[in-house]
1. I want to check the label-to-label distance for residue 321 and residue 372. Put each point 7 Å from Cα in the C-beta direction and report it in nm to one decimal.
2. Among 54-66, 339-351, how do they line up from the highest to the lowest mean number of other beta-carbon atoms within 10 Å?
3. Contour minus end-to-end for residue 414 and residue 44, with contour as 0.36 nm per residue of separation and end-to-end as the Cα-Cα distance?
4. Place a point 7 Å from the Cα of residue 388 along the Cα-to-Cβ direction; which residues of the range 231-245 have their backbone N under 15 Å from it?
5. May I ask for the distance between the Cα centers of the range 224-285 and the range 371-419, given as a whole number of Å?
6. Among bridges DSSP assigns within the range 204-302, what percent are antiparallel (round to 5)?
7. What's the extension gain from residue 121 to residue 251 if we count 0.36 nm per residue and subtract their Cα-Cα distance?
8. How do 116-128, 304-316, 228-240 rank on mean C-beta neighbours within 10 Å, highest first?
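Computed from the coordinates by the stated procedures, all read-outs in this text should not be read as laboratory data. These figures come from a predicted structure and were not determined experimentally. Cβ: placed from backbone, ideal geometry, glycine included. Neighbour counts: every protein chain shown.
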């Protein structure tokens, strides 16, 4: 019999304690996706190794369908090395988090304080330094301004208390998972359509940004200065995070933007409606973000679906401090292929890093592998810089998965910082149909399988 969120909440503290105590059980097994025994060591940057990650997942603690006590074990069993639970904070009905004396107050539309603490207990129980890293996070969920994941913070906050509570706030997000049977799909679609058309001033992110910049022990406004954050499914909500207006003080700690969410490629979000690519818009605004892939799982098979987004992090240690360090350095790539390994360099700088370069040739190297069965299969790599509607394709190159220990694919192209201070490598499979919104040369490249985090150019 299916269980919904309201039944889950009514189960009470006793049932919750039993779930917390449930062991990982038979699901936990040695890491690594068995069909793709790709080496974990970087061929370009010794000292870092690949960890497979999914940093965006939901449970019954918000609008997911699954028991949170089963989530981390499922993701570890599926071959992930790093996993996060990021249930929604949508409409908080009690006092601001960290300031409420009501332990029983809760929101039916998102995480409450008791569930936030329970998520930490589940993550701590699943954590195994060196083998598996379990992360507590939350998704600040404004269906008009956008959704932001916050990881590794002591505190949480909801849009109602941080400026995101505009008309219709929370309803569209709670219903967007209508396909799981809780709401008719037609009703969910209708609500979503209305929410998307609500006007926005483009300035409602300021109070949430202030929260991210405030110490967690602040007596007046306990904040999330100890956490890191990322933009989710950019452009899906009409406000686009205040049109990506840059907050310079957060440039280092707002580390990511999702390019793959579920099965969608957000490079093209809105472009078929004459709206600028949100990836292009975000990077052009000056945000220094890496490109993330996530499943945004709302079901019960956390970590398993193939074809959904996921992330590869190049870590120095497989623990929470190592994950945070890699995220802050933007040493990660997004993909839709389980087991894929990619590392990339530009004139010796690792993806996500800063490269001193004004104009002239840049040599790119791409360390890519997905096991012996993929050797010699053709791929296309596009070199992207800033554009007006879409990024500009500066150049494109045909490469192949290199067999064994053969040299990594290498190519050189001219880059001018005057054309934009960021460069992204996009890797596509020309044998697969391109995104249905792709036009012109974009349609000729095939389907995207991976994005490397940008190289950020600095004149010199």
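1. Here the modelled spin labels are 4.0 nm apart.
2. 54-66, 339-351
3. Working: separation 370, 0.36 × 370 = 133.20 nm, distance 2.15 nm.
131.1 nm is the gain from fully extending residue 414 to residue 44.
4. The answer is none, because no backbone nitrogen lies closer than 15 Å to the label point.
5. Comparing the Cα centres of the range 224-285 and the range 371-419, I get a distance of 23 Å.
6. Values: 2 of 10 bridges.
Of the beta bridges lying entirely in the range 204-302, close to 20 percent run antiparallel.
7. Values: separation 130, 0.36 × 130 = 46.80 nm, distance 3.05 nm.
The residue 121-residue 251 span can extend by a further 43.8 nm.
8. On the way: 116-128: 17.8, 304-316: 21.4, 228-240: 23.3.
Answer by packing, highest mean first, reads 228-240, 304-316, 116-128.
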